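J.: Input: one structure, supplied below.
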Amino acid sequence: MIEEVGTTEQGDLVINVGPQHPSTHGVLHLVITLNGETIKKVEPHLGYIHRSIEKMCESLSYRQFIYVTSRMDYLSSHINNHGCALCVEKGMQIEVPARAKVIRVLMDELTRLASHQLWWGAMAMDVGALTPFFHAFRERETINDIMEETCGARLTMNYMVPGGVMADIHPNFQKRVKEFLQFFRTKIDEYDELVTGNIIFCSRMKGIGYLSPESAVSYGCTGPTARGSGISCDIRKLYPYEVYGELQFDEVTVAEGDCFARYMVRMQEMRQSLSIIEQLIDNIPEGEFQAKTKAVLKLPKGEFYSRVETARGEFGVYIISEGATTPYRIKFRSPGFSNLSALDHMARGHKIGDLVAIMGTLDLVIPDIDR
Amino acid sequence: MNKEELKIRLGELFPAAAFEEGGEWTTVTIDAAEWEGFAREIRWAEGLAFDYLFCVTAVDWRTHFTMVYHLTSTLHRHTLVVKVKLDHEQPVIRTVSDIWRTAEFHEREAFDLMGVVFTGHPDLRRLFMTDDWKGWPLRKDYEDPVNMIKL
Amino acid sequence: MFLKKYISEVFGAVRSLLKGMRLTGYYFTHHKEIITQQYPDNKEEMRLPDRFRGEVVMLHDEKNEHACTGCTACELACPNGTIKIITKFDITPEGKKKKALDTFIYHLELCTMCNLCIEACPTDAIKMAQNFEHSVYDRSKLTKKLNKPGSKIREGVE
Amino acid sequence: MLSIENITHSIDVWLNRTFSPTVAVLLESLIVGLCVIGLFALLGLVLVLMERKVSAYMQIRLGPNRVGPGGSLQTVADTLKLAMKEGLTPDGADKFLFNLAPFLVIVVAMMILAPVAFAKGTQIWDINIGVLYITAISSLSVIGILMAGWASNNKYSLLGAMRSGAQIVSYELSAGISVISIVVLTGSLRISDIIASQQDGWWLFKGHVPAVISFIIFIIAVTAETNRAPFDLAEAESELTAGFHTEYSGMKFALFFLAEYVNIFIVCAIAATLYLGGWMPLHIGHWAGFNGVMDYIPSSLWFIGKTFFLIFMIMWFRWTFPRLRIDQLLNLEWKYLLPLSMVNLLLTALIAIERWHF
């Protein structure tokens, strides 16, 4: 390894963090060069969970490839599926029924909540507080139960299909979501009490991992990572899809650009998601949940790009079609990949403990990066 | 700037650029030799300021390669798709990682999976595959009897 | 002034720490908040939702008849090659040859429970069951034959 | 009244009557050694279970509840599992030091136990420099940790050991100064004298604000010294995987684990002795009636109650707070705790000289 890192000097310590490490949350492998405790360089080595989903999708039909994408960013699998479904619908020019649109947005927001809850717990665990993880899982389990009831699975739902959703919502869905909203409103204050206000946590977070707005854009950071640097990049606001254009919600941006800013963005986003769900849960229009589509989908020759806002940032699906039943080339623009590329920039000059905190605020999901 | 205005502006700047009809965004095809100058121009030019490169795709068309760059300006909120045609035998293109830092990883990915060589890239190594991997997995003619399962 | 700010900072810090301790202390003393489910013990009262996707099963009625025509729509819809359908030709009473299901092979070890086969089935012959305890010691046990021995297609299903 | 003092005394008398004094002392040492090892095993079992239950309840879980009634035998099962595991020694490690380190740590923990008074008249060795002895011996445990980290030939271990060295050396200062403030108030280094001086009230209450401050500083410092969260930088699970004991497995790991819990017990016992009167029941001045009622509770229960209360506090910290960073940790010590404890020592000395304490 030492030969590879060009800047290594005598006395530097080269450490492999991962692929098996408690705080990489998966099989991320970082080669870090240390001077004492200070990080001189972070070099990500990827590919431990690379499955070449893009190649796989080239042999799957337009109905089939959607389920694979839930295995990329498994924490926001609904939103990934949503992006793919949107892209196919764009190509086929399928008009999605109003009911399906609302259900999709509801599911997206629930997924975002669940993802942020897991992130909150894992992030607190990264900086050494172990209890929040279990508290976060309590709420996440509630969402998973709701998902399970309607979609049939807890993590990789495959609920979005081209033209709508796979099944109508469960009769209990609205009631349970409302119960959850009430429950979570009280618990999110506990989150603040337990972690946000904590002086140790604040001192671990503030001023760490600064990402300037210019470099955030240059590194292609999206989602809470870029919004923590004051960049407005919420696809739901900028390029509204489904019913996001008609909803009242704020795009959360915090200007500081440090770890605490990114943390606050996600905490605020949870509240925004709650308000979106509240606006929609009683206003699900009646009607079909799925548009009538042909059994075999054939996208016309051309190129189609759709972008959605996952819990981690902008997720893009780029389909190049030759008019066949399978895509000719498909490219997924995953948010984590670009966010990770800024890690070296952010972590230099900080301590090992900070690296862990920065990785926590980036909210990395490794299958999303490796694809 | 909307689609048409963007087209006119780019046509003024680069008379050699060929525009593609249809599609959601302005799509422009340029030569590999012009790419670096073009990239610098659209990144910094007044009124264009494409500062956010959000997707880099390499496409294998069997006869040639195409690099597709999706760009957005966070200032003006307009989007541009740039396509650069590359030779199939020797796909070489100038890197843009010094203009958009995100390209560093995306170009490594394209090199790893498609075998497109980026000249001037600071660290052009395989990203996902192991260092001793043979072949470029995302190419259409790639065969791997061990790891690829035909269904 | 400086001292006042310093002291208020210290007190704020201590208060933030005490706040967190109050919360954990609350949960320490309130055992009814515990959410642990004791899994193998609560098997009786544990109810999975009807839509939960555990494995693909073929529905048989009491006369040992199923609704599968052997049309292979599910096989085509499956992204992973989980389903393999072997068809045979039955002779109908009129003397015509008719395609019918011989064996419905289901590879549970390849299945990702994506529900696409159920969606594709025109006769609703298969459905997702709620069983989720799939672990076995031998992988070959996961390759299942879904149509029961001696079963045949239900009258009137085309 | 049946108390531990009577039992130990009668054993002592019987041994001296039966054997020659030398043999009696040897036999007593043997008995004490066995008792200490037994106590270690018991402490390990109880404290590990306690930690797991405390953490579980704070994390809205149930904790271990399958092995034995209420999970009480879980630790036994875990110990059995660890004992059966292969004790790996890495190829590149310094084998002698690698194998020595866990024993050094545990022996140090055993040695500190000597002057701790468990109940009235139950003390292994009432040495006249008891407090000094404790501070001196407790600083030895860092050698074991450094040894483990260095000998493992693992970069994570080395970083953990380096952190641990910096941490223990610096926090020993404020722990020591806090201890000295009680010594100043008492005027003696002997543990039995310190306890006796709290006859009419514990130092925490008698010594005004300086005593409270030094108590808080002492608790913070010993939490850091025993490598407990939020100061568990030597282990720092999410940063250094397991810090200095990354390479240890099986029984050698179990010894580190045990030493951690025994150390917690010891520091809490010392804190209880210095500030909360050790085995001394809660006495208020000269309220003879109240004091008499309090005396009915056996002294050993007082000691265990106080100690376990402090242990619970330290566990409470661990399961609530995030971890500090290494520079913040050292900042806290050198910029806040050390100056504060020095000023506090002056105030305490003033109180002691002017006899302002109750």
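J.: Taking the options D:A114, D:A101, name whichever one is in a loop (DSSP other than H, G, I, E, B), crowded, with 18+ Cβ neighbours inside 10 Å and of a type in the set (G, A, S). Steps first, please.
T.: On the way: D:A101 fails: in a loop (DSSP other than H, G, I, E, B).
Only one candidate qualifies: D:A114.
Conditions (1) aliphatic (A, V, I, L, M); (2) surrounded by 15 or more Cβ atoms within 10 Å (Cβ to Cβ), marked per residue:
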position: C:L3; (1), (2): yes, no
position: C:T24; (1), (2): no, yes
position: C:T29; (1), (2): no, no
position: C:Y39; (1), (2): no, no
position: C:V57; (1), (2): yes, yes
position: C:H66; (1), (2): no, yes
position: C:A73; (1), (2): yes, yes
position: C:T82; (1), (2): no, yes
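J.: For region A:63-103, which positions are in a helix (DSSP H, G or I), more than 29 Å from A:L364 (Cβ to Cβ) and touching a Pro at 6+ places or on another chain (Cβ under 9 Å)?
T.: If the condition is that a residue be in a helix (DSSP H, G or I), more than 29 Å from A:L364 (Cβ to Cβ) and touching a Pro at 6+ places or on another chain (Cβ under 9 Å), then A:E89, A:G91, A:M92, A:A98, A:R99, A:K101, A:V102 are the ones that fit.
J.: Let me confirm something: among A:G230, A:G209, A:G220, A:G257, which residue is farther than 23 Å from A:D189 by Cα, of a type outside the set (D, E, K, R) and either assigned to a helix (DSSP H, G or I) or under 16 Å from the mean Cα position of the chain (by Cα) (or both)? Can you show your working first?
T.: Numbers: A:G230 fails: either assigned to a helix (DSSP H, G or I) or under 16 Å from the mean Cα position of the chain (by Cα) (or both); A:G209 fails: either assigned to a helix (DSSP H, G or I) or under 16 Å from the mean Cα position of the chain (by Cα) (or both); A:G257 fails: either assigned to a helix (DSSP H, G or I) or under 16 Å from the mean Cα position of the chain (by Cα) (or both).
After ruling out the rest, the residue left standing is A:G220.
J.: So which of A:K178, A:K187 ends up being assigned to a helix (DSSP H, G or I), within 30 Å of C:N115 (Cβ to Cβ), more than 21 Å from the chain's Cα centre (by Cα) and more than 14 Å from chain B (Cβ to nearest Cβ)? Outline the logic, then answer.
T.: Numbers: A:K187 fails: within 30 Å of C:N115 (Cβ to Cβ).
Sole residue among the options that is assigned to a helix (DSSP H, G or I), within 30 Å of C:N115 (Cβ to Cβ), more than 21 Å from the chain's Cα centre (by Cα) and more than 14 Å from chain B (Cβ to nearest Cβ): A:K178.
J.: Further, regarding this structure: Kindly establish whether A:D368 is in contact with a Pro (Cβ under 8 Å, 6 or more places away or on another chain), assigned to a helix (DSSP H, G or I), within 23 Å of A:P22 (Cβ to Cβ) and touching a residue at least 40 places away in the same chain (Cβ under 8 Å).
T.: Details: in contact with a Pro (Cβ under 8 Å, 6 or more places away or on another chain): yes; assigned to a helix (DSSP H, G or I): yes; within 23 Å of A:P22 (Cβ to Cβ): yes; touching a residue at least 40 places away in the same chain (Cβ under 8 Å): yes.
Answer is yes for this residue.
J.: Within region A:117-128, does at least one residue satisfy the condition of being touching a Phe, Trp or Tyr at 6+ places or on another chain (Cβ under 7 Å), part of a loop (DSSP other than H, G, I, E, B), within 14 Å of chain D (Cβ to nearest Cβ) and buried (at least 24 other Cβ atoms within 10 Å of the Cβ)?
T.: yes
J.: For the condition at the interface with chain B (Cβ under 10 Å from one of its Cβ atoms) and either among the aliphatic types (A, V, I, L, M) or outside any helix (DSSP H, G or I) (or both), what is the one hit in A:I320, A:I358? Show your work before the answer.
T.: Values: A:I358 fails: at the interface with chain B (Cβ under 10 Å from one of its Cβ atoms).
Testing whether each residue is at the interface with chain B (Cβ under 10 Å from one of its Cβ atoms) and either among the aliphatic types (A, V, I, L, M) or outside any helix (DSSP H, G or I) (or both) leaves just A:I320.
J.: Only one of (1) within 25 Å of A:T186 (Cα to Cα); (2) acidic (D, E); (3) not in a helix (DSSP H, G or I) fails for A:D168. Which number is that?
T.: Every condition holds for A:D168 apart from (1).
J.: On the given criteria, is A:A357 in contact with an Asp or Glu (Cβ under 7 Å, 6 or more places away or on another chain), modelled with pLDDT under 90 and more than 30 Å from B:T26 (Cα to Cα)? Show your work before the answer.
T.: Working: in contact with an Asp or Glu (Cβ under 7 Å, 6 or more places away or on another chain): yes; modelled with pLDDT under 90: yes; more than 30 Å from B:T26 (Cα to Cα): yes.
The answer is yes for A:A357.
J.: If you take just the strands (runs of 3 or more DSSP E) that sit entirely in region B:41-151, which of them hold at least 3 residues that are hydrophobic (A, V, I, L, M, F, W, C)? Steps first, answer last, please.
T.: Working: elements: B:52-60, B:64-72, B:79-87, B:92-94, B:117-119.
Strands (runs of 3 or more DSSP E) meeting the threshold: B:52-60, B:64-72, B:79-87.
J.: Kindly provide the set of residues from region A:63-87 that are more than 14 Å from every other protein chain (Cβ to nearest Cβ) and not polar (S, T, N, Q), ordered by number. Outline the logic, then answer.
T.: We begin by selecting, within region A:63-87, every residue more than 14 Å from every other protein chain (Cβ to nearest Cβ); these are A:73, A:75-76, A:79, A:82.
Within region A:63-87, A:D73, A:L75, A:I79, A:H82 meet the criteria.
J.: Taking the criterion of being more than 12 Å from chain B (Cβ to nearest Cβ), in contact (Cβ under 8 Å) with a residue 12 or more places away in the chain, more than 22 Å from A:F337 (Cβ to Cβ) and part of a helix (DSSP H, G or I), would at least one residue in region A:39-62 satisfy it?
T.: In the first step, residues of region A:39-62 are kept if they are more than 12 Å from chain B (Cβ to nearest Cβ); the result is A:39-40, A:42, A:62.
When the remaining residues are screened for being in contact (Cβ under 8 Å) with a residue 12 or more places away in the chain, the result is A:39-40, A:42, A:62.
Imposing the further condition that a residue be more than 22 Å from A:F337 (Cβ to Cβ) reduces the set to A:40, A:62.
Retained after the next criterion (residues that are part of a helix (DSSP H, G or I)): none.
Among the residues of region A:39-62, not one is more than 12 Å from chain B (Cβ to nearest Cβ), in contact (Cβ under 8 Å) with a residue 12 or more places away in the chain, more than 22 Å from A:F337 (Cβ to Cβ) and part of a helix (DSSP H, G or I), which makes the answer no.
J.: Check region C:97-119 and report whether any residue there is within 13 Å of chain A (Cβ to nearest Cβ), on the phi > 0 side of the Ramachandran plot and surrounded by 14 or more Cβ atoms within 10 Å (Cβ to Cβ).
T.: Yes, region C:97-119 contains a residue that is within 13 Å of chain A (Cβ to nearest Cβ), on the phi > 0 side of the Ramachandran plot and surrounded by 14 or more Cβ atoms within 10 Å (Cβ to Cβ).
J.: Of all residues in region D:153-167, which are assigned to a helix (DSSP H, G or I) and either at positive phi or surrounded by fewer than 23 Cβ atoms within 10 Å (Cβ to Cβ) (or both)? Please lay out each step first, then the result.
T.: Of the residues in region D:153-167, the ones assigned to a helix (DSSP H, G or I) are D:155-167.
Once the filter is applied, which keeps residues that are assigned to a helix (DSSP H, G or I) and either at positive phi or surrounded by fewer than 23 Cβ atoms within 10 Å (Cβ to Cβ) (or both), region D:153-167 yields D:K155, D:L158, D:M162, D:G165, D:A166.
J.: Now for a separate question. Looking at (1) crowded, with 22+ Cβ neighbours inside 10 Å; (2) of a type outside the set (A, V, I, L, M, F, W, C); (3) part of a helix (DSSP H, G or I), which is the one condition that is false for D:N227?
T.: (3)
J.: Still on this structure, please answer the following. Please state which of the following conditions A:H350 fails to meet, knowing it meets all the rest: (1) more than 8 Å from chain B (Cβ to nearest Cβ); (2) buried (at least 24 other Cβ atoms within 10 Å of the Cβ); (3) over 15 Å from A:G302 (Cβ atoms).
T.: Here A:H350 clears every test but (2).
The values are calculated or read from the model by the stated rules, or taken from the named source; none is laboratory data. Everything quoted here is computed from the prediction, not taken from an experiment. Backbone-built Cβ (ideal geometry, glycine too); neighbour counts: all protein chains shown.
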